[in-house]
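One structure is given here, and the rest of the page talks about it.
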Amino acid sequence: MFRSFLTVGGWTMLSRILGLVRDQLLAAFMGAGALQDAYLVAFRLPNMFRRLFGEGAFNAAFVPLFSSILAKEGESEARLFARRALGIMLVWLTGLCVLGEVFMPQILPVIAPGFLREGQQYALAVSLSRITFPYLVLICAAALVAGVLNGLHKFSMAAAAYLAFNVVGIIAILFVSPYMPNVAYAAAWGVTASGVVQLGLLLWSCHKAGFGLMPLVPKFTPRMHLLLKRMVPGLIGSGVGQINLTIDTIIATLLPSGSVSLMYFADRINQLPLGVLGAAAGTTLLPVLTRHLAAGEHEAARAAQNRSIDYVLLLTLPAVAGLLVLAGPIMIVLFGHGSFTEQDALLSARALCAYALGLPAFVMVKVLSPAFFARGDTRTPVYVGVGILVLNLVLNLLLMKPLVYVGPPLASSLAACLNVACLAFLLNRRNALELEAQTKRRLMLTCVASGLMGAGLWALTAVIAFPHGLLLRGLWLGVMVLAGGMLYAVLLHLFGLTDFASVVARIRRKLRK
């Protein structure tokens, strides 16, 4: 499981780095204003579907069923199940896409009510949304194919294909922009084109794995009914985080121009550890839990859950400390160029701090949710999710005026914390989550080590001031990150959380082979 975790996490890390380059180009060319806001809203709707299906409800419902059929009835029945599911998904999503294209002028005021104040921005957002909306069909179909690969334990293939989104996006921004009315149009076409590339790569990977998929004419068999029954409520249960971010976007359009952009770029930095750790843990944990539970190995399932919690918090907590201390320099170095000014970067850093406070909770939701899904329970997360959605909306309305664009990120973080608390409480009551004494001790020491690392990093920034000039600032930030990482590694070793001598010895043995 840990090897698969590293595989998915490694590919996701590379994808996030390329995504950072893409976002830097967006910031440099469009800055923080009406044009950027219009593009980001146009991207939000299909991207929400991507997160819900690719990392949420569909994956949670499909993978356990597919894995169970594959283990009990063989490849032939599992392939038939996947082909029927793909056929139903394509018909339903294509119909949804057509409706979206036709009624986009009526849909947009729902997700961006503030744009109605500016007729030109509203018209631009409608045009861009019509360009990006077909992406939801392509990426949801890609999610199904990726789910098949994950069920076959081909994690590397499924994770690597998602690099295409950022690679195609970068190419579109750099080379297609001169042929478009503005950069926003080029970026929007890049989104849809990336969906074609991703789906093609995943289908090719599936064929290469000896599991070629061709969609069948939709037929509602008992298994299809069970899949839909598990998936529909899971759309809320596993997608609370994404729906909360969409609520944040809705609220942000009601705030001063540029608020959507400031929040977006802050969230992109927050998504780096969240995507790498949360998505990797959730993707690899679900098949492992399903396999243990199908075999009646409940202790092994609980042990796997404990290890996942240990892994992700060991890396997430120091990320929180580092982001809180270095938020300003990070945003300036990465985004403070071109049309995105240094003042914009500092404003966005405040939103980053608010997001960072909820980072452990965002990640833990992805670790705890598979415990329900692996047991075939998609209802409980729904009940919790509805309450969290209501709470997030209330917090947004309460905080939007006093904190402006910092209010929605803080509301999402607070809502995520309560979401984790509820999920953990319910799992504990069902004896599905029981932290071992050793795990509790390690988590406590991890918190202490992260706090000490953050304090040491803060002291170092007070001694070595943030310089002027992009090169010196980049070097300064690199030194700070390296120093924080080294300090944290030393603390982990001193606290007995990691034995680096054995790690080095293991690496040497691998190299000798």
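The values are calculated or read from the model by the stated rules, or taken from the named source; none is laboratory data. Given the structure is predicted, the values throughout are model-derived calculations rather than measurements. Neighbour counts are summed over all protein chains in view; Cβ atoms, including those assigned to glycine, are modelled from backbone coordinates with ideal geometry. These area figures cover heavy atoms from the full protein model, side chains too; ligands, DNA and RNA do not enter into them. Shrake-Rupley method; radii C 1.70, N 1.55, O 1.52, S 1.80 Å.
Couple of notes before you dig in:
- Only one of the numbered conditions (1) closer than 30 Å to residue 491 by Cα; (2) touching a residue at least 12 places away in the same chain (Cβ under 8 Å); (3) open to solvent by 50 Å² or more (accessible area, probe 1.4 Å) is not met by residue 455, and that is (2).
- Which numbered condition residue 375 fails, given (1) in contact (Cβ under 8 Å) with a residue 60 or more places away in the chain; (2) assigned to a helix (DSSP H, G or I): (2)
- In the stretch 93-109, residue nearest to residue 257 (Cα to Cα) [restricted to those that are hydrophobic (A, V, I, L, M, F, W, C) and free of Cβ contacts under 8 Å to residues at least 24 places away in the same chain]: 103
- The stretch 345-402, residues that are among the hydrophobic types (A, V, I, L, M, F, W, C) and touching a Phe, Trp or Tyr at 6+ places or on another chain (Cβ under 7 Å): 345, 351
- From the options 369, 412, residue that is of a type in the set (Gly, Ala, Ser), open to solvent by less than 50 Å² (accessible area, probe 1.4 Å) and farther than 30 Å from residue 292 by Cβ: 412
- Count of the stretch 361-382 residues which are at pLDDT below 80 and of a type in the set (Phe, Trp, Tyr): 1
- Condition met for residue 363 (of a type outside the set (Lys, Arg) and under 20 Å from the mean Cα position of the chain (by Cα)): yes
- Residue match in the stretch 339-350 (condition: at positive phi and either assigned to a helix (DSSP H, G or I) or modelled with pLDDT of 85 or more (or both)): no
- Considering (1) modelled with pLDDT of 95 or more; (2) open to solvent by 50 Å² or more (accessible area, probe 1.4 Å), the lone condition that residue 511 does not fulfil carries the number (1).
- The one condition from (1) crowded, with 21+ Cβ neighbours inside 10 Å; (2) free of Cβ contacts under 8 Å to residues at least 12 places away in the same chain; (3) small (Gly, Ala, Ser) that residue 308 does not meet is (2).
- Here residue 294 meets the list (1) of a type outside the set (Asp, Glu); (2) at pLDDT 70 or above; (3) surrounded by fewer than 23 Cβ atoms within 10 Å (Cβ to Cβ) almost entirely, failing just condition (2).
- Scan of the stretch 103-142 for residues that are of a type in the set (Val, Ile, Thr) and under 18 Å from residue 188 (Cβ atoms), ordered by number: 107, 111, 126, 131, 132, 137, 139
- Flag for residue 95 being modelled with pLDDT of 90 or more and over 30 Å from residue 338 (Cα atoms): yes
- Residues of the stretch 107-124 that are closer than 17 Å to residue 39 by Cβ, touching a helix residue (DSSP H, G or I) at 6+ places or on another chain (Cβ under 7 Å) and assigned to a helix (DSSP H, G or I): 107, 108, 111, 114, 115, 121, 122, 124.
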